[in-house]
Amino acid sequence: DQQVKQNSPSLSVQEGRISILNCDYTNSMFDYFLWYKKYPAEGPTFLISISSIKDKNEDGRFTVFLNKSAKHLSLHIVPSQPGDSAVYFCAAKPTNTGNQFYFGTGTSLTVIP
Amino acid sequence: DGGITQSPKYLFRKEGQNVTLSCEQNLNHDAMYWYRQDPGQGLRLIYYSQIVNDFQKGDIAEGYSVSREKKESFPLTVTSAQKNPTAFYLCASSKFANEQFFGPGTRLTVL
């Protein structure tokens, strides 16, 4: 049972525009959320995280929004650059299972020059 | 430089053979993890270890085994009992409950 879902397998955006990647979760015990970026044949690299006590976290061009009532988070990339083209995974961690993380299926972002 | 290394990058196995994937970290992280990634799927947890000499099964542990004799090392053995082992394997580590740091991955192909 997939507890973290990314319903859009792919997304294409023009360079300079905003990219919005979405993630939904089902477990109300999740209290820490992360986004990772992954290039083919490489390991994911950490992008940004957010704790459930916040509803927004910003780091440069990347902003993560958390809507706890809707069990939904999103990653905004503004402005999008061709180097942002990669697969993006969201991940979540519940309070009661130590260090176990749950990952979504990923969204492949293509930024068109 | 601190980081996580995985070896080999590519691995070929004949059916019926066991193979061991290496994962080493020098980040002084307590927890280590093994994930499997298949095309079109997310990262699925195979095993994780929060301290030396202790590990827990993840969602897809059948056909795999691990050991954690040293803090720095968390090797994964893919046994002949794993019916569909061809995949991309990722090792990760984390300090406390913060973000995980991933290695570059090992692509295993069964011939």
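The values are calculated or read from the model by the stated rules, or taken from the named source; none is laboratory data. Keep in mind that this is a model prediction, so the values were computed, not measured. Cβ coordinates were reconstructed from backbone atoms using ideal geometry, including for glycine residues, and neighbour counts include every protein chain displayed.
Against the conditions (1) surrounded by fewer than 17 Cβ atoms within 10 Å (Cβ to Cβ); (2) within 27 Å of B:Thr106 (Cα to Cα); (3) within 14 Å of chain B (Cβ to nearest Cβ); (4) not polar (S, T, N, Q), where does A:Met29 fall short? Just the number, please.
Result: A:Met29 passes all but (2).
So in region B:14-44, with the set limited to residues that are of a type in the set (A, V, I, L, M, F, W, C) and farther than 20 Å from A:Thr105 by Cα, which one is surrounded by the fewest Cβ atoms within 10 Å (Cβ to Cβ)? So that I can check it myself, show each step before the final result.
Start the filter on region B:14-44 by keeping residues that are of a type in the set (A, V, I, L, M, F, W, C), which leaves B:19, B:21, B:23, B:27, B:31-32, B:34, B:43.
The next check asks that each one be farther than 20 Å from A:Thr105 by Cα; those that pass are B:19, B:21, B:23, B:27, B:31-32.
Working: B:Val19: 19, B:Leu21: 23, B:Cys23: 24, B:Leu27: 15, B:Ala31: 21, B:Met32: 30.
In this case the residue turns out to be B:Leu27.
Looking at region B:90-111, which of its residues are touching a Pro at 6+ places or on another chain (Cβ under 6 Å), more than 7 Å from chain A (Cβ to nearest Cβ) and within 19 Å of B:Asp30 (Cα to Cα)?
Passing the criteria: none in range.
Looking only at region A:45-67, filter to residues that are touching a Lys or Arg at 6+ places or on another chain (Cβ under 9 Å) and either outside any strand (DSSP E or B) or polar (S, T, N, Q) (or both); which one of those is nearest to B:Leu90 (Cα to Cα)?
Top of the filtered list is A:Thr45.
With the condition kept exactly as written, say whether any residue in region A:72-84 is closer than 25 Å to B:Ser94 by Cβ, in contact with a strand residue (DSSP E or B) (Cβ under 6 Å, 6 or more places away or on another chain) and within 14 Å of chain B (Cβ to nearest Cβ).
no
From (1) modelled with pLDDT of 95 or more; (2) within 10 Å of another protein chain (Cβ to nearest Cβ); (3) touching a Gly at 6+ places or on another chain (Cβ under 8 Å), pick out the condition that doesn't hold for A:Cys23.
A:Cys23 satisfies every listed condition except (2).
So A:Ser12 fits all but one of (1) buried (at least 16 other Cβ atoms within 10 Å of the Cβ); (2) in a strand (DSSP E or B); (3) among the small types (Gly, Ala, Ser); what number is the exception?
Here A:Ser12 meets the rest and fails (1).
Suppose the filter is surrounded by 21 or more Cβ atoms within 10 Å (Cβ to Cβ), under 12 Å from the mean Cα position of the chain (by Cα), more than 8 Å from chain A (Cβ to nearest Cβ) and closer than 20 Å to A:Pro44 by Cβ; does B:Tyr47 pass it? Before you say what the answer is, go through the steps one by one.
Values: surrounded by 21 or more Cβ atoms within 10 Å (Cβ to Cβ): yes; under 12 Å from the mean Cα position of the chain (by Cα): yes; more than 8 Å from chain A (Cβ to nearest Cβ): yes; closer than 20 Å to A:Pro44 by Cβ: yes.
Judged against the criteria, B:Tyr47 is a match.
Take the residues in region A:32-50 that are among the hydrophobic types (A, V, I, L, M, F, W, C) and surrounded by 13 or more Cβ atoms within 10 Å (Cβ to Cβ); name whichever of them is farthest from B:Phe88 (Cα to Cα). If you could, list the steps in order and put the result at the bottom.
Of all residues in region A:32-50, those among the hydrophobic types (A, V, I, L, M, F, W, C) come to A:33-35, A:41, A:46-48, A:50.
Filter again for surrounded by 13 or more Cβ atoms within 10 Å (Cβ to Cβ), leaving A:33-35, A:46-48, A:50.
On the way: A:Phe33: 24, A:Leu34: 21, A:Trp35: 20, A:Phe46: 18, A:Leu47: 21, A:Ile48: 24, A:Ile50: 28 Å.
My answer is A:Ile50.
I'd like to know if region A:37-44 contains one or more residues that are modelled with pLDDT of 95 or more and within 25 Å of B:Gln37 (Cβ to Cβ).
Going through region A:37-44, the residues modelled with pLDDT of 95 or more turn out to be A:37.
Restricting the remaining residues to those that are within 25 Å of B:Gln37 (Cβ to Cβ) gives A:37.
Within region A:37-44, one or more residues are modelled with pLDDT of 95 or more and within 25 Å of B:Gln37 (Cβ to Cβ).
Within region B:1-59, which strands (runs of 3 or more DSSP E) (wholly inside it) include 2 or more residues that are farther than 11 Å from B:Ser73 by Cα?
Numbers: elements: B:4-7, B:10-13, B:19-25, B:31-37, B:43-51, B:54-57.
Those strands (runs of 3 or more DSSP E) span B:10-13, B:19-25, B:31-37, B:43-51, B:54-57.
Scan region B:56-72 residue by residue and report those that are exposed (fewer than 15 other Cβ atoms within 10 Å of the Cβ) and away from every other protein chain (no Cβ under 13 Å).
B:Glu62, B:Glu69, B:Lys70 - these are the residues of region B:56-72 that are exposed (fewer than 15 other Cβ atoms within 10 Å of the Cβ) and away from every other protein chain (no Cβ under 13 Å).
Please verify whether region A:53-62 includes one or more residues that are hydrophobic (A, V, I, L, M, F, W, C), closer than 22 Å to B:Gly103 by Cβ, in contact with a Leu (Cβ under 8 Å, 6 or more places away or on another chain) and free of Cβ contacts under 8 Å to residues at least 40 places away in the same chain. Explain how you work it out, then say what you get.
Initially, region A:53-62 is screened for residues hydrophobic (A, V, I, L, M, F, W, C), giving A:53, A:62.
Narrowing the set further to residues that are closer than 22 Å to B:Gly103 by Cβ leaves none.
Looking for residues that are hydrophobic (A, V, I, L, M, F, W, C), closer than 22 Å to B:Gly103 by Cβ, in contact with a Leu (Cβ under 8 Å, 6 or more places away or on another chain) and free of Cβ contacts under 8 Å to residues at least 40 places away in the same chain, one finds none in region A:53-62, hence no.
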